[in-house]
Structures are given as C-alpha cells and as structure tokens.
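Student: Sharing a structure, written as structure tokens. Questions coming.
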Amino acid sequence: MSVMIIDYGMGNLSSVQRALEEVGAAVFISDQASDIKEASSLLLPGVGAFGEGMRNLRDSGMADAILAAVKDDGIPLLGICLGMQLLAEHGEEGGPQEGLGLIPGTIRKLKVNEGERLPHIGWNEVTPSEPHPMFEGIPDGSDFYFVHSYYFDTPTPLATTPFAGGFAASVAKDKVWGAQFHPEKSSKPGLKLLENFVNHA
C-alpha cells in the first residue's frame, strides 16, 4: 500500500515519512491535490493554527480532494496534531470557521488548571475509552508526545489525556483516525500506532 503525506505547508513532513517507512509503509509526499487519488491511504500532519491550515487546504484544492477520497472512495485517513483538529466540524482558533467536518466536534482552547501551562508540551498518558485498532497492542496509559494549545471538543473521544481536566487525545470515525499527539515522536507506542494504521488502512 502507499501512504500519501499531504503537504499543505504546515509541519515537518520528513520525520513522519521516516516513521512510516520504519513500520514498512511505502510513502510519498505531495502538495498536489490530484495525487490524492493515487494513494491507498492518506496522512494529514500539521503544526500551527487551525485557520491557516484550513485556508491552505482550501486554496490548494486539497480540502475538496480529501473529502472526495474519504467520503466517496473510502480512503483511510490519519490526522496528526493540527491534522487531527482539521477533521473537526468547526474551529475557534483565529475566529469561528469550518473544518473538514469528518468527525463531529469543535476545536477550542485548553483551559488549564493551577500549575499547568500552555502550550501543553511533553509526554502524557493516553487511555482509550474502548478497544480500537488504533491502539491494538499498545498498553492503556502509554505515554505519547504532545505539543498544542487547542483541543478537539467532541462527544465521542476515542482516548483521553488527563491534562486541563482531560481532553480527547484521539478520535475516530469509520476509516478516519486522529491523534492529537505526535506518534512519530512517541517512541515505540507511536511507531506501533502508525503500524496499526498501515495494517488496517
């Protein structure tokens, strides 16, 4: 299978590519919307602001191409960090705006408790709320690496992290998966998650 890493100008793509190749995936990076139909699965990475990310996806034609691939062709998609947030229906970062709308929810700023700081940077435990292929072979409570100030406010989180009162560390709907953390920076648990995506996509 071939995994296309979507290049929309947001984030370090090479580390994601290396991690996917380490778990046996054939990977290519492209900033061309027309290439999406050539992939057997898609990975949407990202570091930065929701508004800029959505503008880049729309202006490049990537947004429409992603929606067509996922909704019409059933192409699996994994969103990482900002890429997960862009899967939401709405985002509040930079003012209210629409996301890709693939998973119900809104991106909101984290409200930290005393002694906590934003951005949320570093390792934190992730606990799935139910069995799912994304976390197959990964012990509950495994640590993953986070860098973010906004979170995915959704009624159906797949896994949670106990920072700022708890937030959605991952989401999933059908063949669309999302991870707020960076699996490519999360040692063995992160590589296992990427391997699970490659094997189940």
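The values are calculated or read from the model by the stated rules, or taken from the named source; none is laboratory data. The model shown is predicted, which means the values in this text are computed figures rather than measured ones. As a convention, Cβ positions derive from the backbone with ideal geometry for all residues, glycine included, and neighbour counts pool all protein chains shown. Note: areas computed on protein heavy atoms with side chains; ligands, DNA, RNA excluded. Shrake-Rupley method; radii C 1.70, N 1.55, O 1.52, S 1.80 Å.
Student: Of everything in segment 102-119 that's assigned to a loop (DSSP other than H, G, I, E, B) and in contact (Cβ under 8 Å) with a residue 24 or more places away in the chain, which residue is surrounded by the fewest Cβ atoms within 10 Å (Cβ to Cβ)?
Tutor: Result: Asn113.
Student: List, please: which pairs have Cβ atoms under 9 Å, are six or more places apart or on different chains, and start with a residue in segment 1-20 that is farther than 17 Å from Leu86 by Cα and surrounded by fewer than 20 Cβ atoms within 10 Å (Cβ to Cβ) and end with one that is modelled with pLDDT of 95 or more and of a type in the set (D, E, K, R)?
Tutor: Ser15/Glu184; Ser15/Lys185; Gln17/Glu184; Arg18/Glu184
Student: Here is a check on your reading of the model: is Gly122 part of a strand (DSSP E or B), surrounded by 21 or more Cβ atoms within 10 Å (Cβ to Cβ) and on the phi > 0 side of the Ramachandran plot?
Tutor: No; evaluated as a whole, the condition is false for this residue.
Student: Take Asp73 and tell me if it is open to solvent by 20 Å² or more (accessible area, probe 1.4 Å), closer than 12 Å to Lys175 by Cβ and not hydrophobic (A, V, I, L, M, F, W, C).
Tutor: Yes, satisfied.
Student: I've got another one for you. Considering only segment 172-179, I want to know if a residue exists there that is among the aliphatic types (A, V, I, L, M), touching a Ser or Thr at 6+ places or on another chain (Cβ under 8 Å) and on the phi < 0 side of the Ramachandran plot.
Tutor: yes
Student: Does Ala39 meet the test of being surrounded by 14 or more Cβ atoms within 10 Å (Cβ to Cβ) and out of contact with any Leu (no Cβ under 8 Å at 6 or more places or on another chain)?
Tutor: yes
Student: In addition: Test each condition in (1) out of contact with any Lys or Arg (no Cβ under 9 Å at 6 or more places or on another chain); (2) open to solvent by 60 Å² or more (accessible area, probe 1.4 Å); (3) under 23 Å from Val16 (Cα atoms); (4) of a type in the set (Gly, Ala, Ser) for Ser129 and report the one that comes out false.
Tutor: (3)
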